[in-house]
1. Of the numbered conditions (1) modelled with pLDDT under 75; (2) in a helix (DSSP H, G or I), residue 75 satisfies every one except a single condition; which is it?
2. Are there any pairs, at least 6 apart or on different chains, whose C-beta atoms fall under 6 Å, with the first in the range 41-56 and closer than 18 Å to residue 233 by Cβ and the second of a type in the set (Val, Ile, Thr) and modelled with pLDDT of 80 or more, and if so, which?
3. Suppose we filter 178, 141, 145 for residues that are within 18 Å of the chain's Cα centre (by Cα) and in a helix (DSSP H, G or I); which single one remains?
4. Filter the range 78-100 down to the residues that are over 15 Å from residue 63 (Cβ atoms), without any contact (Cβ under 8 Å) to a residue 12 or more places away in the chain and surrounded by 12 or more Cβ atoms within 10 Å (Cβ to Cβ) and list them by number.
5. I need the full set of residues from the range 110-138 which are loosely packed, with under 15 Cβ neighbours inside 10 Å and either assigned to a strand (DSSP E or B) or at pLDDT 85 or above (or both), in order please.
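The values are calculated or read from the model by the stated rules, or taken from the named source; none is laboratory data. Note that this is a predicted model, so its numbers are computed, not measured. Heads up, the Cβs are rebuilt from the backbone with ideal geometry, glycines too, and the neighbour counts pull from every protein chain shown.
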Amino acid sequence: MKSWLMHHLYVMQYTVRRLRTSPLSSLLNILVIGVALSLPTGGYILLQNLQGVADKLVGAPQISVFLNMNSSQDEISRFTKQLEQHADISRVEFVSREQALQQLQQTTGLADVTGGLAQNPLPHAFIIYPKGNDIAVLESLRDELKAWPKFEHVQLDSAWVRKLEALLKFGRLAVLILAILLSFALVAITFNTIRLQILTRREEIEVSKLIGASNSFIRRPFLYFGLVQGLLGGTTAWLIITISLSLLNINLSDLVQLYASNFSLQHLSFGDSATLLVFSAYLGWLGAFLSVSQHLWQIEGA
């Protein structure tokens with residue numbers, strides 16, 4: 001066990017030395033990986049911020065429920081209690097006929113017209129605030145409320161929700177496609193980098209195979225190199241995104257002050273940062289593994 005750990009430590013030290021022996025090419029590869037990873041990751045974090053801005057600007061979705069004109073006070077109290085206990089409802093606001101008529105007079109300026117009416121034509125209503133913004137849940141809740149007795153009309157203004165969801169869905173798909181394409185490119189970069197290293201050490205690898213070295217023993221230094229290079233590329237991407245968001249927030253502060261807002265772009269969370277680093281390291285490892293495996297297969301088949 002001790003010799004195994006010592007060998008891994010030696011391979012890690014050897015990897016660091018190889019990075020130092022060709023600092024310019026190593027730096028360029030790391031920068032390419034960092035810039036490539038920062039593009040889809042930056043798109044992801046911008047979509048996350050867009051979601052938060054849209055929620056603030058548009059506000060929470062509402063479902064308006066208009067009761068039958070002959071609904072009694074006992075029925076209204078029972079409906080209020082049932083709605084407040086519903087699992088998908090966050091808050092319920094009751095608007096009486098009198099309140100509705102008063103609001104209509106204040107907002108439309110039709111006080112003279114409504115004052116001449118023989119009776120109040122407006123029904124009692126509930127303003128319902130659901131817990132989430134998921135369009136499927138909202139429409140399901142609306143359809144459920146339509147089946148309740150005394151609920152004359154149930155209205156859900158879901159147009160903005162559909163537009164927002166469609167926009168964010170398109171953005172997520174675009175970021176996903178970009179991430180997949182760039183991931184293949186990064187694997188190819190590591191593949192070629194390791195390929196050049198293997199070509200310079202081909203005779204050494206062949207001799208190692210002849211004296212009984214296992215494939216895992218031969219792969220190990222190249223895998224470490226790919227993993228470390230990918231990890232450094234992910235760290236570079238994290239720094240690019242962090243610095244970019246900080247610069248954008250500095251310039252954004254002047255803009256949001258004009259609108260009396262305190263909005264700022266949110267940085268990558270700890271979980272997102274860890275995912276970025278792990279994914280970048282895995283891409284580097286994968287490119288190295290494919291490259292070494294191909295050359296070992298060629299050597300063994302020769």
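1. Status for residue 75: all satisfied but (1).
2. Once the first residue is closer than 18 Å to residue 233 by Cβ and sits in the range 41-56, its partners that are of a type in the set (Val, Ile, Thr) and modelled with pLDDT of 80 or more give 41/241; 42/241; 43/175; 44/175.
3. Working: 141 fails: within 18 Å of the chain's Cα centre (by Cα); 145 fails: within 18 Å of the chain's Cα centre (by Cα).
Going through 178, 141, 145 in turn, just one is within 18 Å of the chain's Cα centre (by Cα) and in a helix (DSSP H, G or I): 178.
4. From the range 78-100, those over 15 Å from residue 63 (Cβ atoms) are 78, 81, 85, 96-100; that's our starting set.
Now drop any that are not without any contact (Cβ under 8 Å) to a residue 12 or more places away in the chain, which leaves 78, 81, 85, 99.
Passing the criteria: 78, 99.
5. 127, 129
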